[in-house]
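Undergrad: Below is the structure I would like to discuss, written out as structure tokens.
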Amino acid sequence: QVQLVESGGGSVQAGGSLRLSCTASGRTYAMAWFRQAPGKEREFVSAINGKGSTTLYADSVKGRFTISRDDAKRALSLQMNNLKPEDTAVYYCAHRLPGLASRHREDYRYWGQGTQVTVSS
């Protein structure tokens, strides 16, 4: 069982930056960030493999967001720059059992409670 706790969400104006963090309670493998806007399905944002050597990004955030991990602290981070109003959503940290980084929601077994990100124009 892995418990995930996100932090770092908030409100920012367009063009601003936020850094999300996720702390895990146990050993971690591939991890990811997803987001869900009101009335929409949860969508993939970014993922990183267990070694931190492979990262994946949704096209909508590529070049603006950076995912990273610190296994000594069991922490996953998402640096979000040049934020846009369409980035407004609840952001979720996710963890999968041993396997590759994935864009698919069904590959992830454990989920955090989510943290709200609001970007105003």
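Undergrad: Sequence gap at least 6, Cα distance under 8 Å: using those rules, report the relative contact order of the stretch 1-101 to the nearest whole percent.
TA: Here the relative contact order equals 37 percent.
Undergrad: Follow-up. Considering every Cα-Cα pair within the chain, what fraction, in whole percent, is farther apart than 23 Å?
TA: So the portion of pairs separated by more than 23 Å is 21 percent.
Undergrad: Please compute the Kirkwood hydrodynamic radius over the stretch 63-121, one decimal place, Å, based on all pairs of different Cα atoms. Display every interim value, and only then the final one.
TA: Values: mean 1/r = 0.0757 Å⁻¹.
It is 13.2 Å.
Undergrad: Next question, about the same structure. I'd like the Karplus ³J(HN,Hα) series for the stretch 61-72: coefficients 6.51, -1.76, 1.60, θ = phi - 60°, whole numbers in Hz, and an x wherever there's a Gly or Pro.
TA: Once rounded to whole Hz, the list reads 10, 4, x, 10, 10, 9, 9, 8, 9, 10, 5, 4.
Undergrad: Probe of 1.4 angstrom, ligands and nucleic acids ignored: what's the accessible area per residue over the chain, in square angstrom?
TA: On a per-residue basis, 52 Å².
Undergrad: Right, another one. Restricting attention to the stretch 8-88, which GluC sites (Glu not before Pro) occupy a DSSP loop and are surrounded by at most 13 other Cβ atoms within 10 Å?
TA: Passing sites in the stretch 8-88 are Glu41.
Undergrad: Now a separate question. Would you work out what percent of the accessible area of the chain, with all protein chains in place, is carbon or sulfur (probe 1.4 Å)?
TA: Roughly 45 percent, rounded to a whole number.
The values are calculated or read from the model by the stated rules, or taken from the named source; none is laboratory data. Just so you know, these numbers come straight off a predicted model, no measurement behind them. Please note: Cβ atoms are built from the backbone with ideal geometry, for glycine as well, and neighbour counts cover all protein chains shown. All accessible areas refer to the heavy atoms of the entire protein, side chains included, with ligands and DNA or RNA removed. Shrake-Rupley method; radii C 1.70, N 1.55, O 1.52, S 1.80 Å.
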